[in-house]
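Colleague: Got a structure here, written out as structure tokens. Questions coming.
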Amino acid sequence: SIPTSTVTPKPELLSSYQYIGDTVLPEAAEMLQKNPDTVAWLRIPGGVVSLPVVYRDNTYYLDHDFYGKKSNSGTLFLDEAHPFAYDTQLMVIHGHNMYDGSMFGLLSHYRNRGYMAEHPTVYLNTLYRREEYEVIGVLYLPINIWSDGYVPYVGTRKFQSLDQFYSFAENIRENALHWKEGAEMLPNDAFLALSTCYEDHRIVVVCRRTTP
């Protein structure tokens, strides 16, 4: 008999990355009643963050709370160019770095490799599914997008080609302040980026979904 060779399939870009179901989770239904802009609940164990995530535009929730009241703390929100949609491969969540540690006030601690190792898992409950992500890297970028060292992590929610994806992934990996040993960014993965300001820089925590 002729031996059958085993070929590992090459990762390819997918047409769908986010699960959009017919029925929302019970807890999501409650949140939607309070605010129809709700898209998820974000939690990082260890008291880092446990808050709702909304989607509208990139300005309203900078100074409005979850209930629509004026607030300097704002609300965690999905970038308007990275909506919760079936074909969005990269979702980006913004939040203020509050001095009291609220919102993304503790995200800046990811500048320290030890903190990244102590807080390696991110849970994102979307409207339809409870998902788990692993923190694979941390970016420390200038706020000014025209400055040397800036990495364009916002603006592309889906990639049009493997070349475009691998160029993006390589740029993220090469410019990361910290990177999880052995972690890869593959074209059939879904990603989450958590972004906040820190002094004259921006901290971006890059996560890869581990939920099948």
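The values are calculated or read from the model by the stated rules, or taken from the named source; none is laboratory data. Note that the coordinates shown come from a computational prediction; the quantities given were computed from them, not determined experimentally. We place every Cβ from the backbone using ideal geometry, glycine too, and count neighbours over all the protein chains shown. Heads up: the accessible areas ignore ligands, DNA and RNA and are worked out on the full protein's heavy atoms, side chains in. Shrake-Rupley method; radii C 1.70, N 1.55, O 1.52, S 1.80 Å.
Colleague: Tell me, what is the FRET efficiency for ASP148 and VAL24 to the nearest 0.05, using R0 = 35 angstrom and their Cβ-Cβ distance as r?
Modeller: Numbers: r = 44 Å, r/R0 = 1.27.
So the FRET efficiency works out to roughly 0.20.
Colleague: By accessible area of protein heavy atoms, probe 1.4 Å, what ranking do LYS34, LYS69 get, highest first? Could the numbers behind the result be given before it?
Modeller: Numbers: LYS34 110, LYS69 135 Å².
Final ranking, largest accessible area leading: LYS69, LYS34.
Colleague: Still on this model: Which ³J(HN,Hα) values in Hz, rounded to whole numbers, follow from the phi angles of region 124-141 under the Karplus curve 6.51 cos²θ - 1.76 cosθ + 1.60, where θ = phi - 60° and Gly and Pro get x?
Modeller: Whole-Hz 3J(HN,Hα) from phi for region 124-141: 10, 8, 7, 5, 10, 7, 9, 10, 10, 10, 10, 6, 10, x, 10, 9, 10, 10.
Colleague: Could you give each residue of region 67-82 its phi-based ³J(HN,Hα) in whole Hz, using Karplus coefficients 6.51, -1.76, 1.60 with θ = phi - 60°, and x for Gly or Pro?
Modeller: Along region 67-82, the couplings run 9, x, 8, 4, 7, 5, 6, x, 8, 5, 9, 6, 4, 4, 8, 10 Hz.
Colleague: Still on this structure, please answer the following. Expressed as an acute angle from 0 to 90° and rounded to the nearest 10, what is the orientation of the C-alpha long axis of helix 162-174 relative to the principal long axis of the chain?
Modeller: 60
Colleague: Which residue, ILE143, ILE93, ILE172, tops the fluctuation ranking in a GNM of the chain built on C-alpha contacts under 10 Å?
Modeller: Highest fluctuation of the listed residues: ILE143.
Colleague: Hey, another quick one. List the residues, sorted by chain then number, that are 5 or more residues from VAL39 or on another chain and whose placed amide H is less than 5 Å from its amide H.
Modeller: Those lying under 5 Å, H to H, from VAL39 are VAL53, VAL54, TYR55.
Colleague: In addition: Quick one: which residues, 5+ away or cross-chain, put their amide H under 5 Å from the amide H of GLU132? H built at 1.01 Å from N.
Modeller: Those lying under 5 Å, H to H, from GLU132 are LEU124, THR210, THR211.
Colleague: Mean residue ellipticity at 222 nm from the helices of the chain, using -39,500 (n - 2.57) per DSSP H segment of n ≥ 4 over the full residue count, to the nearest 500 deg cm²/dmol? Intermediate values should be presented prior to the final figure.
Modeller: Values: 3 runs with 28 residues, N = 212.
It lands at -4000 deg cm²/dmol.
Colleague: If you don't mind, there's one more thing I want to ask. Going through region 163-212, which GluC sites (Glu not before Pro) have at most 12 other Cβ atoms within 10 Å and a DSSP loop state? The partial results should precede the final answer.
Modeller: Numbers: sites: GLU170, GLU174, GLU181, GLU184, GLU199; in loops: GLU181, GLU184, GLU199.
Hits after loop and neighbour filter: GLU181, GLU184, GLU199.
Colleague: Using a 1.4 Å probe, how large is the accessible area of GLU12, given in Å² and rounded to the nearest 10?
Modeller: 90
Colleague: Then there's this: Simple spin-label model, 7 Å along Cα-to-Cβ: ASN175 to ASP87 in nm?
Modeller: 2.6
Colleague: Same structure again: Determine the relative contact order of the chain: mean sequence separation of Cα pairs under 8 Å and six or more apart, normalised by residue count, in whole percent.
Modeller: Working: 425 pairs, mean separation 48.8, N = 212.
Once normalised by length, the contact order is 23 percent.
Colleague: Same structure, new question: Carbon and sulfur together cover what percent of the accessible area of the chain at a 1.4 Å probe radius? Please list the in-between numbers first.
Modeller: Values: 5640 of 11170 Å².
Ligands and nucleic acids excluded, carbon and sulfur reach 50 percent.
Colleague: Keeping all protein chains in place, calculate the accessible area per residue for region 117-177 (probe 1.4 angstrom), answer in Å².
Modeller: On the way: 3260 Å² over 61 residues.
Per residue, region 117-177 has 53 Å² of solvent-accessible surface.
Colleague: Quote the charge dipole size of region 42-152 about the Cα centre in Debye, to the nearest 20; the model charges only the Cβ of Lys and Arg (+1) and of Asp and Glu (-1). Write down the numbers at each step before the final one.
Modeller: Numbers: 8 positive and 12 negative charges, 51 e Å.
Using only the charged Cβ atoms, the result is roughly 240 debye.
Colleague: For LYS180, list long-range residues whose amide hydrogen, built 1.01 Å from N in the peptide plane, is under 5 Å from its own amide hydrogen.
Modeller: GLY137
Colleague: Can I ask one more? Starting at the first residue of region 45-55, write each ³J(HN,Hα) from the Karplus equation 6.51 cos²θ - 1.76 cosθ + 1.60 with θ = phi - 60°, in whole Hz, x for Gly and Pro.
Modeller: Whole-Hz 3J(HN,Hα) from phi for region 45-55: x, x, x, 5, 6, 7, 8, x, 10, 10, 9.
Colleague: Determine the shape class of region 139-212: with a ≥ b ≥ c the square roots of the Cα gyration tensor eigenvalues, call it rounded for a/c under 1.5, and otherwise prolate if a/b is greater than b/c, oblate otherwise.
Modeller: Numbers: a/c = 1.84, a/b = 1.46, b/c = 1.25.
Taking the square roots of the gyration eigenvalues as a ≥ b ≥ c, region 139-212 is prolate.
Colleague: Classify region 50-111: rounded, prolate or oblate, from the alpha-carbon gyration tensor (a ≥ b ≥ c, eigenvalue square roots; a/c under 1.5 rounded; otherwise prolate if a/b is larger than b/c)? Can you show the working numbers first?
Modeller: Details: a/c = 2.42, a/b = 1.26, b/c = 1.92.
Verdict is oblate for region 50-111.
Colleague: Could you point to the residue in SER195, TRP179, THR211 farthest towards the positive end of region 170-212's charge dipole, with +1 and -1 charges on the Cβ of Lys/Arg and Asp/Glu respectively?
Modeller: Result: THR211.
Colleague: For a quick check of understanding: with a 1.4 angstrom probe and all protein chains in place, what accessible area in square angstrom does LYS10 have, to the nearest ten?
Modeller: 130
Colleague: Right, something else. Taking a probe of 1.4 Å, how large is the accessible area per residue of region 18-68, in Å²? The partial results should precede the final answer.
Modeller: Details: 2730 Å² over 51 residues.
With all protein chains present, region 18-68 gives 54 Å² per residue.
Colleague: Note down the magnitude of the dipole of region 1-92 about its Cα centre, charges +1 on Lys and Arg C-beta and -1 on Asp and Glu C-beta and zero elsewhere, to the nearest 20 debye.
Modeller: On the way: 6 positive and 11 negative charges, 42 e Å.
Charge dipole, region 1-92, about its Cα centre: 200 debye, nearest 20.
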